[in-house]
Each structure stands twice: as C-alpha cells, then as structure tokens.
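The values are calculated or read from the model by the stated rules, or taken from the named source; none is laboratory data. Bear in mind the structure is a predicted one, so any value in this text is a computation, not a measurement. Methodologically, a virtual Cβ is constructed for each residue, glycine included, from the backbone with ideal geometry; neighbour enumeration extends over all protein chains shown. The area values use the complete protein model at the heavy-atom level, side chains included, leaving out ligands, DNA and RNA. Shrake-Rupley method; radii C 1.70, N 1.55, O 1.52, S 1.80 Å.
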Amino acid sequence: MPNMEGPEACRAIREIDRRKESYSKLFVLSGVSKEEMKKRFSGIDIQYFFQKPIDQIELVDKLVSLLNIQ
C-alpha cells in the first residue's frame, strides 16, 4: 500500500469505523510469522492473520466463518 504501512491503514479504518459507528472486519495477510503480525498490529482489532504462502483451505474456512457465509 503506497505511503501507508498495514498497521497504520488498519488504525485509519478503525478510526473511520468509530466516527461512522460501524465495524469493518479486518484480515491481515503477510509473509512474516503470525506472532510477528500480532506484535505489529497490537492494539488493533484484527479478526484473523493469514501467513504467506496462503493455505487456500484455511483462507476459505476462515472467511466463510468470519463473514457468516452459509
């Protein structure tokens, strides 16, 4: 994302949610470990961290579950 790192973008989205009294579900996809992602995004409500290379079954299972798709 040009000019903005992931945590900064997620904080900005959360601020928009707060102002609009809405809630966006956020997912993070990165090449670093899940533990490192959790450190980088500490204090931000993230629904799930996906690590590259992406496991397609994990991706579909989590998205279906978190987005309540039937």
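Taken together, 33, 22 contain a single residue that is surrounded by 10 or more Cβ atoms within 10 Å (Cβ to Cβ) and hydroxyl-bearing (Ser, Thr, Tyr), which is 33. A Cβ distance below 6 Å, combined with a sequence gap of six or more or placement on separate chains, defines the contacts here; from region 20-32, residues that are free of Cβ contacts under 8 Å to residues at least 40 places away in the same chain and more than 10 Å from residue 53 (Cα to Cα) reach residues that are charged (D, E, K, R) and open to solvent by less than 70 Å² (accessible area, probe 1.4 Å) in the pairs 23/17; 24/17. Within region 37-70, if we keep just the residues that are free of Cβ contacts under 8 Å to residues at least 12 places away in the same chain and surrounded by 12 or more Cβ atoms within 10 Å (Cβ to Cβ), the residue that is nearest to residue 14 (Cα to Cα) turns out to be 38.
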